[in-house]
Structure formats: C-alpha cells, structure tokens
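J.: Submitted below is the structure of interest, expressed as structure tokens.
None of the figures in this text is laboratory data; all of them are computed from the coordinates on show. None of these values were measured; they are calculated from a predicted model. Here Cβ is always computed from backbone atoms with ideal geometry, including for glycine, and neighbour counts include all displayed protein chains.
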Amino acid sequence: MEQKWWKEAVVYQIYPRSFCDSNGDGIGDLPGITSKLDYIKELGVSVIWLCPVYKSPNDDNGYDIADYYDIMDEFGTLEDFNTLLSEAHKRGLRLIMDLVVNHTSDENKWFVESRSSKDNDKRDYYIWRKGKDGKEPNDWTSFFTPSAWQYDEKTGEYYLHLFSKKQPDLNWENEKVRNEVYRLMTWWFDRGIDGFRMDVINCISKVAGLPSVEPNKPGYHWAGKYFISGPRVHEFLHEMNTKVLSKYDCMTVGEAASTTLDEAVRFTEPERKELNMVFQFDLMNMDGGPDGKWQIKKFSPSEFKRITSKWQLGMQGRGWNSVFLGNHDNPRVVSRFGNDGKYRYESAKMFATVLLTLQGTPYIYQGDEIGMTNMPFNSIEDYRDVETFSFYNEAVKKGADKQELMKVIRVKSRDNSRTPIQWSSEKNAGFTTGTPWIQVNPNYTSINVEQSRKDSDSIFHYYQKLIELRKNNPVLVYGDFVPVKQEDENVFAYLRVLGNERMLVVLNLSAENASFSASDDICISESSVAASNYSQAGKADNKLLLRPYEAIVFSL
Ligand code: TEU
Ligand code: CA
C-alpha cells in the first residue's frame, strides 16, 4: 500500500470558539490556539483540523461564511492566522482548514447581490425557484428546518437551504461558482495550509428538477436521495482535484453525511483522484431512530462491532478510512458510548484504543483526550446551537412536552461537545477571564488539562502513549484489519497484520465483566502487552478475563 503522510497522521480537531480565549471576551480565538500549540504538540498529534474561522455572523458558529478571504472578528485577524500557521509549522504540526462550500452565509456579498434582483449576474450563484400555487417549490425538509426553502420578498422567489435559512445553498451547476471555490482554495493553499476538511461535500450536486419527495402528502420529507451523492458529485470533486488539489502536497477529508460504503470507496479510491478520505456517519447514527438523531437508542456493542468491521473490511485495499468517535456535532464519546461516571477513565481509554488502533486516519476531538463529558444544561436558554433551537421550537409548536424535549436535548445536543475546554481548576476552567459564550461544565474542577498532565494514569497520558505506539508501529497504520470472532458479544477483538508483524487488540465494550478466548494461532503472553488501561491482565488458560471496559493491545 502506498505510504502517505496523511495516512500516518493523527489529527486533532479544534472548535476555535470553545478552545481558548486570549482577550477576555469569553470567545475562543486564534491567539488562544497559538498559546496552546505546545500542549497539542505534547499530546503527539501531527495535524490540526481547524473548524471555520472565516468572517461569519455565526448563525451556525462559522459554518455560515460571509467572507472566505478574511478572519471572523471574534477570532482575530489574518495576521493572527499567519502567526498560528507558522508557529504550528515550526512545531512540525500541519494545519488543515474547514472548507464550507455547499452553502454560504446569507450575509456573503455573493448572496446579497444574488438576492438583489433576478437579473443580477450572481443570481445563479444560488438556487432560486418560483413557488407553486403560493407554496414552496417542492416539499423538501432541511437538516435544520421543516422546509428547505425560504421565501424572499424582494424578488418574490424562494431560495434553497439544506441547513438554516441563513445558509443558502450554492449552485454548483454554475461553473462560475465552482471557479470561485477553486480560487479561494488556491488562495488559502498559497498561504501555506496543508489541506481541507470539506463540509457536507457530498451534498453539492442536486438532482435536476429538484423533484418533490411525496407531492400532495403532508409531513416530513427527507429528500436525501435527491442531493446526497448527487449525479455530478464525483465529476465536481475530480475537477476540484485536477484544478487545485493535485497542485499541492495536501490532505483532504470530505464530510459525507449518510454516505454508503460503496460511495465512500468511490470518493477515496486513489486512481479516481477525488479525496483522500471521508467521514462516514454509520456509528454517529447508530443510537438514533428512523426519524433521525432525536430518537434515542441504547448503545449496542454488537452494532458498534458490526459497523466498525464493515468499514474496516470494506475500505481496506480500496479506499482509505477516517476514524472518529466524536466531533463538534456529536455528544462526548465517553458519555455517549462509554460510562462517564464510575468507569470514566477505563471507558475513555478503551475508546481511545479503538480510535488509535484501527486502519484509517484517527481524528481526536478537542477535550476527548482528557475525557471531557456531556454538559448537564438546565434549560433551553443555556443552549447556543441553531440545530437544537430549531428542533425545540418546531417540537413545541407541535405540542411536545418541554420536559421530555429537554431530556432528549440533554443527551443529543451538539452543545454537549461545544463547552469550553477545561484547562485548569481556575475560574471558568482557565478558558477565559471573561464570561464564557457558553457555560463551562461544572466538573472542570476535577476534569482539566492541568490535573491530567500531573496524573501519570490519566486519559491524557494514555492517549499520548497510544499515539506514540501508532507512530512506532507501521502495522497499526498500514496493517490489514482481521476480526477475531468472539463468543462474548461485548468483546471486540481484531488483529492488525503487516507482513509478519501482528498486533492483537482486545476490548470489552461494556460495563460488565467479559472474557476473550484466544484461538490456537494466537499466543498471548504477559511480555507482549503493548498497551492496556488496567494493570496486570487477568488470565485463565488461554482465556483473558476482561474487567469493565478493559482494553489490551498485544504485540504478537
Ligand atoms: O454538518 C453536517 C451534518 O450533517 C450535521 O449537521 C449533522 O447532520 C448534524 O449536525 C447532526 O447533529 C456540517 C458541520 O459539521 C455542522 O457543524 C454544520 O452545522 C453543518 O455542516 C452545516 O454547515
Ligand atoms: Ca477571545
């Protein structure tokens, strides 16, 4: 398999608003990130993924871009960005930016011109349609709102928005739009960045005619089949690769909401010259219901194993996986999949073992390396996320019980992972000297970076150790994934094999005791333990007795 730096990378995702505030306005910023680069380097990661920092009215915290060529006021200046980039590079850290080009902010000058008149030369930068009999052009529901259309008085037409109404979709059928995107990408690459994470990039091509899902039938009409991996998406990405990406030694990861395995292979097969890897969401969707994330299903170890094995086996030798268990759109992994009470240490370390021993580039979300947990917000007023508000307001309109809604929101809101990073036990966890834009989790007094660095048994030091293990063992990067079948459905075991190099990973995905039985060709001995989250693995014959969330990595 071809060796590439982005396959060997371990990525650290930064959500700037919540990372570190340098000027006391309660909002994280670029100088704040620069001040923490030594910490990021100490963790051992090699790439930073910086969530959007461009000028934005922050309807969706930067995923609504008003000017691609300037930095958001709250985060600082282009000079601050240059400093961050050069300080990162000085430390051997690469930096990739977040490319949000399925849509812009409605305050972007392109949209201001586009909406000003029907014959404006930027009218076709966006997707405008006449209504039908005084109603929306079709029955599409958006990710955030009951309708994907917003009526615009000025010209008496509707514009499409797959997200909030302040995030109008760009019209990728228009070559001028595509060239605008390639121009801004080139401008950032020429400033020295090392790649892009691409926001909902598999939604940029919509089916011609924008047909209704179920005309004349009222209700929730998820139109994903008309824009997820649409008809020209591969053509567009190949064009982007030819015109921009191929000119740089860069890394790309496409966020591919609801993508299938076959589509993900098509996006990432090297000879197709599209993207290096994609984020797939089967794990993120596994504890939701048929109508989406706000229905809650209990964590299922067997589902987790099935999905993970499917992607490991399905991609290897064809495309390249990204591996992630959390991000700024999802709850904290230790609360969602693990146990953030009695077994916080053990379960956070066990999931860190999954993240760092599978095939595919691992992505660590800020704060997961110290086992930060979901946030017990009290009321809807404590939240900040447009997606949470849209869900709450629509549900209340339909008469839902507010207390029941708050229970669901507490479990699934994106704000769970957007609370400020807990640096120390000082006021506001050392995140700001001002009033934080969103509440700090009250457990910061015991869960914080300062405490973690002092505690040799901390989740932080375990992450450090695994990142080092991955760096020193190419089998963990390039080795084949070989599942090791187990009786006990709570046990996830697999080999990584590269030539005659073999490593065995054994995980108890549950809070119960479990047992792993090694087949004859797997001889495990005490000397071969490369990493574990308990001292002294329990053994009987060729069985391993596993404690709650026990994780062991053997060099065979
Ligand atoms: O997310 C796209 C996306 O699919 C998510 O909105 C997801 O469906 C939802 O958050 C699950 O709770 C990207 C960004 O990561 C997200 O932060 C933005 O809100 C969104 O695109 C629009 O730009
Ligand atoms: Ca600030």
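J.: Where the eigenvalues come from the Cα gyration tensor of the chain, what are the semi-axes √(5λ) of the equivalent ellipsoid, largest first, in whole Å?
T.: 38, 26, 25
J.: In the chain, what % of DSSP beta bridges are antiparallel (nearest 5)? Present the calculation step by step, with values, prior to reporting the outcome.
T.: On the way: 39 of 64 bridges.
If we restrict to bridges inside the chain, about 60 percent are antiparallel.
J.: Okay, next question. How large is the convex hull of the C-alpha atoms of region 50-184 per residue, in Å³? Show your work: numbers first, answer last.
T.: Values: hull volume 15.5 nm³, N = 135.
Each residue corresponds to 115 Å³ of Cα convex hull volume.
J.: Then there's this: Among Phe481, Phe75, Phe431, rank each residue by its count of other Cβ atoms within 10 Å, from fewest to most, as a rough exposure measure. Could the numbers behind the result be given before it?
T.: Details: Phe481 21, Phe75 25, Phe431 28.
The order, fewest Cβ neighbours first, is Phe481, Phe75, Phe431.
J.: Using the Kirkwood radius over C-alpha pairs as Rh, can you work out the diffusion coefficient of region 434-478 via Stokes-Einstein at 25 °C, viscosity 0.890 mPa s, in µm² per second? List each step's numbers first, then the result.
T.: Working: Rh = 12.9 Å.
Result for D is 190 µm²/s.
J.: Mind checking Rg over Rh on region 107-147, alpha carbons, Kirkwood formula for Rh? Provide the component values of the computation, followed by the final result.
T.: Working: Rg = 12.2 Å, Rh = 11.7 Å.
We get a ratio of 1.04 for region 107-147.
J.: Now for a different question. Hey, can you grab everything whose amide H is under 5 Å from the amide H of Ser105? Only 5+ residues off in sequence or another chain; H modelled, so Pro and N-termini drop out.
T.: Amide H neighbours of Ser105: Ile65, Ala66.
J.: From the Cα gyration tensor of region 102-177, with a ≥ b ≥ c the square roots of its eigenvalues, which class applies: rounded if a/c is under 1.5, or else prolate if a/b is larger than b/c, or else oblate? Provide the component values of the computation, followed by the final result.
T.: Working: a/c = 1.68, a/b = 1.24, b/c = 1.35.
Oblate is the answer for region 102-177, as a/c is 1.5 or above yet b/c matches or exceeds a/b.
J.: Round to a whole angstrom and tell me the spacing of the C-alpha centers of region 418-479 and region 159-175.
T.: 37
J.: Per residue, how big is the convex hull of region 229-355 when only Cα atoms are used? Give it in Å³. List each step's numbers first, then the result.
T.: Details: hull volume 16.4 nm³, N = 127.
Taking the convex hull of the Cα positions in region 229-355, it is 129 Å³ per residue.
J.: Return the calculated 222 nm mean residue ellipticity for the chain, to the nearest 500 deg cm²/dmol, obtained by summing -39500 (n - 2.57) across DSSP H runs with n ≥ 4 and dividing by the residue count.
T.: Numbers: 17 runs with 156 residues, N = 556.
Mean residue ellipticity, 222 nm, calculated: -8000 deg cm²/dmol.
J.: Given Cα positions, please report Rg to Rh for region 167-319, the hydrodynamic radius being the Kirkwood one.
T.: On the way: Rg = 17.3 Å, Rh = 17.3 Å.
With Rg and the Kirkwood Rh in hand, the quotient comes to 1.00.
J.: Another one. With the Cα gyration tensor of region 301-402 giving a ≥ b ≥ c as the square roots of its eigenvalues, does the rule (a/c under 1.5 for rounded; else a/b larger than b/c for prolate; else oblate) give rounded, prolate or oblate? Before the final figure, lay out the partial values.
T.: Working: a/c = 2.42, a/b = 1.67, b/c = 1.45.
Prolate is the answer for region 301-402, as a/c is 1.5 or above and a/b outweighs b/c.
J.: A follow-up question, please. So if I place +1 on the C-beta of Lys and Arg and -1 on the C-beta of Asp and Glu, and nothing else carries charge, what would the dipole magnitude of region 122-177 be about its Cα centre? I want it in debye, nearest 20. Intermediate values should be presented prior to the final figure.
T.: Values: 10 positive and 10 negative charges, 32 e Å.
About 160 debye.
J.: Scan around Ser517 for amide H atoms under 5 Å from its own, H built in the peptide plane at 1.01 Å from N, and keep only partners 5 or more places away or cross-chain.
T.: Counting only residues 5 or more places away or on other chains, the set is Glu487, Leu544.
J.: Separate question: Could you state the orientation-averaged shadow area of the convex hull built on the Cα atoms of region 422-556, in nm² to one decimal? Please report the intermediate quantities before stating the final value.
T.: Values: hull surface 42.1 nm².
Averaging across all directions leaves 10.5 nm² for the Cα convex hull.
J.: Based only on other Cβ atoms within 10 Å, what is the fewest-to-most ordering of Thr432, Thr145, Thr104?
T.: On the way: Thr432 24, Thr145 20, Thr104 28.
Final ranking by Cβ density, sparse to dense: Thr145, Thr432, Thr104.
J.: Tell me the chymotrypsin sites (Phe, Trp or Tyr not before Pro) within region 165-225 that lie in a loop according to DSSP and have at most 15 other beta-carbon atoms within 10 Å.
T.: Values: sites: Trp172, Tyr182, Trp187, Trp188, Phe189, Phe196, Tyr220, Trp222; in loops: Trp172, Tyr220.
Qualifying residues, ordered by number: Tyr220.
J.: Any idea what the dipole of region 383-523 comes to, in debye rounded to 20, about its Cα centre with Lys/Arg Cβ at +1 and Asp/Glu Cβ at -1?
T.: Values: 18 positive and 19 negative charges, 152 e Å.
Here the size comes out at about 740 debye.
J.: Also: Starting from the Cα gyration tensor of region 1-73, take the square roots of the eigenvalues, sort them a ≥ b ≥ c, and report rounded, prolate or oblate (rounded when a/c is under 1.5, otherwise prolate if a/b is larger than b/c, else oblate). List each step's numbers first, then the result.
T.: Details: a/c = 3.03, a/b = 1.49, b/c = 2.03.
Oblate is the answer for region 1-73, as a/c is 1.5 or above yet b/c matches or exceeds a/b.
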